[in-house]
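Notes follow once the structure below has been shown.
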Amino acid sequence: MKAEKELIKFTKRGIYCPQGKFYLDPWYPVEYAIISHGHADHARWGMKRYLCQDDSKAILQHRIGADIKIDSLPYNKSKTINGVKVSFHPAGHVIGSAQIRLEYKGYIVVFTGDYKTQPDFISQPFESVKCHTFITESTFGLPIYNWKTEKELQEELQNWVKTNQANNRTSVFLGYSLGKAQRLMSLLDGCDDIYVHRAIHNLNNAISNSGIKLPKTTLLTADFDKKELQNKIVIMPPGLLGSRLLKRVPNAATAICSGWMQIRGNRRWQSVDAGFAVSDHADWNGLISAVRASEAEQVYVTHGSQAVFSKYLNEIGIKADELITEYGDDKMIEAENESENLETS
Amino acid sequence: MKQFSDLISAIEITNKTNAKIDALVNYFKTAPSKDKLWLIALFTGKRPPRPIKTALMKQWCMEKTELPEWLFLESYSTVGDLGETIALLLPKPTHKLDLTLSEWMNELKLLKPKSDEEKKKFVFAAWSGLKQQERLIFNKLIGGNFRIGVSKKTLVNALAKLTGIDANQLMHSIIGNWDIDTISFEELIKGTHINYDNSKPYPFCLAYALEKELQELGDPDDWIVEQKWDGIRGQIVKRNNEIYIWSRGEELVTKQFPELVEAMTNFKEDFVIDGEILAMKDNAVLLFNDLQKRLNRKNVNKKLLEEVPIGFYAYDILEFNGNDIRSLPFATRRQTLENLFNSISLPEHIKLSFIVKFNKWEALNAIRDNSRAINSEGLMLKQKASPYHTGRKKGDWWKWKVDPLTIDAVMIYAQKGSGRRSSKYTDYTFAVKKDDGLVTVAKAYSGLTDKEITEISRWVNKNAIEKFGPVRTVKPELVFEIAFEGIAFSKRHKSGVALRFPRIARWRKDKPASEIDTLETVKSLILSC
């Protein structure tokens with residue numbers, strides 16, 4: 001237990017490693033931050049030093065600033081910081097997403113950040129890591145969330161595009177620029193020409209420049225040719241739902257792609273033409289299998305259904321506690337989209 | 001079932017009535033004849049009785065999934081719909097069952113008298129042979145509302161678009177008596193089983209809200225003023241000893257109001273009258289909230305008939321002994337109506353809308369302000385010479401409602417809605433100050449924009465005191481202006497007051513909870529109105 005205390009401490013600024021003197025995905029500015037992935041609620045502005053996985057580096061520089069002080073490591077290679085062995089392991093959430101493994105005096109802690117256990121066509125598949133303490137997210141920590149396989153999703157999305165084309169409609173997918181957009185590109189690749197919003201385009205460039213191959217897309221310019229776009233595929237951030245840009249897309253059929261679309265009420269809440277449960281997070285069985293595979297003696301459950309999931313884990317004989325964090329904050333993600341909005345206007 | 005499943009998917013995703021109608025038309029063009037009849041039956045309350053209790057469905061789902069009850073309930077409160085929760089929780093199908101809608105319905109009909117064990121076997125077989133959306137539909141076929149925003153009227157409009165037959169006639173046809181085993185789809189929509197001549201309604205004449213000074217209306221002698229009763233508008237059609245009641249939404253609601261039908265049999269004459277259907281007890285009009293208990297019910301039981309009796313205030317007469325008299329001046333029609341009503345002795349709950357006597361326009365102000373005391377919404381001003389217009393026309397009829405009352409209250413509970421609203425906290429309970437604490441004064445569900453609801457839902461998620469269950473107690477922080485139509489002392493309510501038709505007027509982000517109204521202030525409104 002002592003080693004655990006030396007390794008992690010839950011503070012107001014975030015999850016802290018007293019021995020290593022660094023934070024994991026802190027939500028306030030600190031000296032040294034180790035970052036699980038590039039989403040705005042995990043990789044925040046204002047840290048004096050950043051450490052992340054190789055593929056996240058360009059993303060962080062693109063999103064936070066080119067001048068940040070940042071180092072990176074490949075997956076499964078370790079670096080020792082003040083005696084703590086730190087390594088990144090694939091989390092299968094978005095490009096560059098990693099679980100952060102800490103080891104000190106033989107005691108191991110794994111912080112998952114966000115993760116998805118089901119493989120997709122674009123990010124490195126999740127690899128489970130054995131540990132003593134496992135800090136897991138729980139965004140979709142209810143048994144109603146069970147995802148379709150990537151193949152099934154591909155068929156579903158591509159069929160929707162084909163039906164739209166038969167009805168002379170342009171297919172518009174709404175998904176976050178980091179992660180969902182690239183995932184959708186991979187699911188729709190080869191179906192027809194894909195146009196992406198500038199926010200996605202810029203991020204794609206940053207990702208491609210760091211050496212990762214992405215499916216071919218075209219930038220959706222502000223003065224796009226309506227005839228050219230007709231019946232094609234468009235991907236834009238969800239913040240643009242109801243925007244003038246979207247309204248100008250000829251005969252648009254709009255789909256939201258998110259795990260929340262699993263529930264009818266959520267699909268129907270916004271006036272869109274379709275909702276697809278495409279999520280970058282683990283589903284219920286994914287969460288349970290990850291917890292079991294970690295073989296951890298102590299689990300901490302962060303953002304999402306932490307009360308439900310930790311209660312259930314305790315019932316099936318796994319010691320778990322809730323951990324209140326500031327991850328998964330919708331407002332933060334919305335703010336991110338608003339800033340993306342501004343880029344085009 | 002795929003066809004039906006696709007139809008439901010197409011309807012549930014859109015909130016545009018025209019898109020729903022198009023999807024229905026498309027279904028009617030391509031589905032097997034018997035399936036079309038079942039669709040109509042399902043959406044007009046003509047479904048067979050539920051063969052399996054919901055408690056059993058829940059129990060069997062827990063058995064199949066091996067989930068603890070609390071987790072099942074937690075899932076249910078997130079989804080907000082039992083059939084859907086079960087569909088989402090079950091493991092992936094192991095094989096593929098492909099039956100048409102009518103085949104499923106026939107199976108379900110046969111299931112009713114069977115033992116629970118046999119029913120369970122049937123349900124398990126169906127669950128493991130259907131995909132998620134089909135499973136949801138299967139669960140809904142057993143019982144429960146689809147909640148996809150398809151009213152009888154939507155259905156009828158789709159059939160009208162498909163066939164070109166008059167929508168009201170179709171309404172009568174689908175509401176009328178027909179048996180799915182003996183009628184064909186063509187016979188049903190042609191209405192071979194009904195006589196539409198006996199039920200045919202007229203379009204309602206509607207009024208605009210008064211937008212000028214009373215004095216600008218001219219000579220008060222040219223006008224008839226009545227109370228604007230707050231019930232539901234209804235048209236009673238009596239022809240050839242048949243009686244039909246149409247709502248303003250052009251739905252046939254005859255069966256919901258047996259006491260009106262019975263009273264109308266007293267008349268010898270044939271007629272079509274327009275009036276207000278109200279909850280009425282001991283000669284007094286009750287609150288709209290009470291009337292709501294009687295609306296949209298498949299069966300009205302004896303207890304409810306006694307608890308919330310229905311009455312009718314007649315406003316106008318449109319047809320008398322077979323003659324359409326809508327073009328006659330209102331004053332003349334009113335005289336005809338009075339003669340009709342005075343010709344026989346009528347039960348107490350059937351009344352003529354009384355005429356408000358006044359000499360000068362100014363005198364109406366006080367009468368309007370007093371409307372609340374008799375559970376009226378305000379006044380109606382009708383030009384004596386006016387015909388009974390089709391639809392809404394400016395100038396001849398005006399409604400002049402009392403201004404709503406308002407209080408500032410704080411939210412203390414939030415609950416998720418149903419249907420489209422099931423993903424958000426949309427139903428709120430509000431409190432005002434009482435001594436050092438708070439006391440509940442109203443529940444309200446309407447008045448906020450989707451954006452505000454989303455913002456409040458997020459706030460509730462963060463500020464809820466409970467972690468489990470459907471109702472969330474929240475910190476008393478968010479202040480809202482609650483508007484309502486009336487207020488009365490009430491023994492049934494903890495606060496001692498009952499508000500009539502409360503809704504959210506606006507979110508008072510500018511006001512801290514310390515500045516909300518007290519119960520004393522709220523009570524003083526009763527005395528002042």
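The values are calculated or read from the model by the stated rules, or taken from the named source; none is laboratory data. Since the structure is predicted, the reported quantities are computational estimates derived from the model, not experimental observations. Virtual Cβ from ideal backbone geometry, glycine too; neighbours counted across all protein chains shown.
Side notes on the structure shown:
- Each residue in the range A:237-268 was checked for being touching a His at 6+ places or on another chain (Cβ under 8 Å) and either within 14 Å of another protein chain (Cβ to nearest Cβ) or at pLDDT 95 or above (or both), and 1 pass.
- Elements of type strands (runs of 3 or more DSSP E) in the range B:225-338, at least 2 residues being of a type in the set (Ser, Thr, Tyr): B:242-247, B:310-320
- Taken together, the residues in the range B:51-63 that are away from chain A (no Cβ under 12 Å) and in a helix (DSSP H, G or I) amount to 8.
- Of the listed requirements (1) within 30 Å of B:Thr44 (Cα to Cα); (2) touching a residue at least 24 places away in the same chain (Cβ under 8 Å); (3) of a type outside the set (A, V, I, L, M, F, W, C), B:Ser327 misses just one: (1).
- Candidate set from the range A:269-281 (those that are among the small types (Gly, Ala, Ser) and touching a residue at least 40 places away in the same chain (Cβ under 8 Å)); member that is farthest from the other protein chains (Cβ to nearest Cβ): A:Ser279
- B:Ile482 being farther than 22 Å from A:Glu326 by Cα, buried (at least 18 other Cβ atoms within 10 Å of the Cβ), of a type in the set (A, V, I, L, M, F, W, C) and touching a residue at least 12 places away in the same chain (Cβ under 8 Å): yes
- Screening A:Pro119 on (1) touching a helix residue (DSSP H, G or I) at 6+ places or on another chain (Cβ under 9 Å); (2) buried (at least 20 other Cβ atoms within 10 Å of the Cβ); (3) more than 14 Å from chain B (Cβ to nearest Cβ); (4) part of a loop (DSSP other than H, G, I, E, B) shows it passes everything except condition (2).
- Between B:Leu210, B:Leu188, the distinction of being more than 30 Å from B:Lys360 (Cβ to Cβ) and surrounded by 14 or more Cβ atoms within 10 Å (Cβ to Cβ) belongs to B:Leu188 only.
- Of the residues making up the range B:373-429, those that are aromatic (Phe, Trp, Tyr), more than 14 Å from chain A (Cβ to nearest Cβ) and either more than 25 Å from the chain's Cα centre (by Cα) or closer than 30 Å to B:Val474 by Cα (or both) are B:Tyr388, B:Trp397, B:Tyr413, B:Tyr428.
- Residue among A:His93, A:His89 that alone is outside any strand (DSSP E or B), more than 21 Å from A:Lys9 (Cβ to Cβ) and in contact (Cβ under 8 Å) with a residue 12 or more places away in the chain: A:His93
Residues checked against (1) touching a Ser or Thr at 6+ places or on another chain (Cβ under 8 Å); (2) hydroxyl-bearing (Ser, Thr, Tyr); (3) in contact (Cβ under 8 Å) with a residue 60 or more places away in the chain; (4) within 30 Å of A:Thr254 (Cβ to Cβ):
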{"residue": "B:Lys20", "(1), (2), (3), (4)": "yes, no, yes, yes"}
{"residue": "B:Leu37", "(1), (2), (3), (4)": "yes, no, yes, no"}
{"residue": "B:Ala55", "(1), (2), (3), (4)": "no, no, no, no"}
{"residue": "B:Thr94", "(1), (2), (3), (4)": "yes, yes, no, no"}
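- Count of residues meeting criterion [of a type in the set (Val, Ile, Thr), over 30 Å from A:Asn266 (Cβ atoms) and surrounded by 20 or more Cβ atoms within 10 Å (Cβ to Cβ)] in the range B:373-425: 1
- In the range B:80-103, the residue that is farthest from B:Ile40 (Cα to Cα) out of those that are away from chain A (no Cβ under 14 Å) and outside any loop (DSSP other than H, G, I, E, B) is B:Glu103.
- Counted residues, the range B:233-245 - those being at pLDDT below 95 and within 28 Å of B:Val356 (Cα to Cα): 0
- For the range B:1-19, taking the residues that are away from chain A (no Cβ under 12 Å) and surrounded by 20 or more Cβ atoms within 10 Å (Cβ to Cβ), the one that is nearest to the chain's Cα centre (by Cα) is identified as B:Leu7.
- Taken over the range B:135-165, the criterion of being more than 20 Å from B:Thr30 (Cβ to Cβ), in contact (Cβ under 8 Å) with a residue 24 or more places away in the chain and surrounded by fewer than 18 Cβ atoms within 10 Å (Cβ to Cβ) is satisfied by B:Gly144, B:Gly149, B:Ser151, B:Lys153.
- Of all residues in the range B:443-479, those that are among the charged types (D, E, K, R), without any contact (Cβ under 8 Å) to a residue 24 or more places away in the chain and surrounded by 13 or more Cβ atoms within 10 Å (Cβ to Cβ) total 5.
- Residue count for the range A:282-312, restricted to those that are without any contact (Cβ under 8 Å) to a residue 60 or more places away in the chain and in contact with a Lys or Arg (Cβ under 6 Å, 6 or more places away or on another chain): 1
- The single residue among A:Lys116, A:Lys105, A:Lys130 that is in the same structural domain as A:Lys85 (by TED's automatic domain parsing) and touching a strand residue (DSSP E or B) at 6+ places or on another chain (Cβ under 8 Å) turns out to be A:Lys130.
- Residues within the range B:350-396 that are among the aliphatic types (A, V, I, L, M) and either within 18 Å of B:Thr336 (Cβ to Cβ) or not assigned by TED's automatic domain parsing to the domain that holds B:Thr336 (or both), tallied: 4
For (1) over 30 Å from A:Ile144 (Cα atoms); (2) within 14 Å of chain A (Cβ to nearest Cβ); (3) part of a strand (DSSP E or B); (4) among the small types (Gly, Ala, Ser), each residue gets a yes or a no:
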| residue | (1), (2), (3), (4) |
| --- | --- |
| B:Lys433 | yes, no, yes, no |
| B:Glu481 | yes, no, yes, no |
| B:Ala488 | yes, no, yes, yes |
| B:Ile504 | yes, no, yes, no |
| B:Ser514 | yes, no, no, yes |
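- Within the range A:282-316, tally of residues that are among the charged types (D, E, K, R) and at the interface with chain B (Cβ under 10 Å from one of its Cβ atoms): 2
- Among the residues of the range B:146-199, those identified as in contact with a helix residue (DSSP H, G or I) (Cβ under 7 Å, 6 or more places away or on another chain) and hydroxyl-bearing (Ser, Thr, Tyr) are B:Thr154, B:Thr163, B:Ser173, B:Ser184, B:Tyr196, B:Ser199.
- Of the numbered criteria (1) modelled with pLDDT of 95 or more; (2) over 25 Å from B:Lys112 (Cα atoms); (3) among the small types (Gly, Ala, Ser), the one B:Ala87 fails is (2).
- Filtered residue count, the range A:35-73, keeping only those that are in contact with a strand residue (DSSP E or B) (Cβ under 7 Å, 6 or more places away or on another chain), under 17 Å from A:Ile122 (Cα atoms) and assigned to a loop (DSSP other than H, G, I, E, B): 1
- Which numbered condition A:Gly96 misses (of (1) at positive phi; (2) not assigned by TED's automatic domain parsing to the domain that holds A:Phe10): (2)
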